[in-house]
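What follows draws every value from the coordinates through simple rules; no lab data is involved. Everything numeric in this text was worked out from a predicted model, so none of it was measured. Cβ sites come from the backbone with ideal geometry, for glycine too, and all protein chains shown count toward neighbours.
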Amino acid sequence: MNDLASAPAYRVLIVEDNRDTADTTAMLLRMHGYDVAVAYDGKSALQTAKAYDPDVVLLDLSLPDCDGCTVAESLRAEGIVRPSLIAVSGHGWDDEARAHPYFSDHLVKPVSQDVLVSLLAQVQNQKSCSDCG
């Protein structure tokens, strides 16, 4: 389990149209000490990101109203630059996501709990180190 007691909770936005997957992932991450918000489509993701100011966004590439790459581009165009963006796909290693300049990582569904928590810890540590100077 992450030792986040001495630091503010790391903020994770989950963007996933499968509500069961989104809600289960949110519950898992909360158990590991993360502050979590969920959006179920691209439009809600943009609104939630503006209000929530996440540290990282787990972004499904196949959303009902647009694709995740478009959401990533819109986040940056809106000036939402703080969060690390992690692509999540049920279609394997999506070439567009891998080559997309806004995604720092790409996960393939189903995502293992251990892999997800480990990746978030790595991203958090990298951001902490870069914030230190």
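Figures for the structure shown
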read-out	value
Anchor Lys127: lysines whose Cα lies under 26 Å away (excluding residues fewer than 8 positions away in-chain)	Lys50, Lys109
Other-chain or far-sequence residues with amide H under 5 Å of Asp105's (modelled H)	Ala87
Total charge dipole magnitude, segment 3-64, about the Cα centre, Cβ charges on Lys, Arg, Asp, Glu only, Debye to nearest 20	160
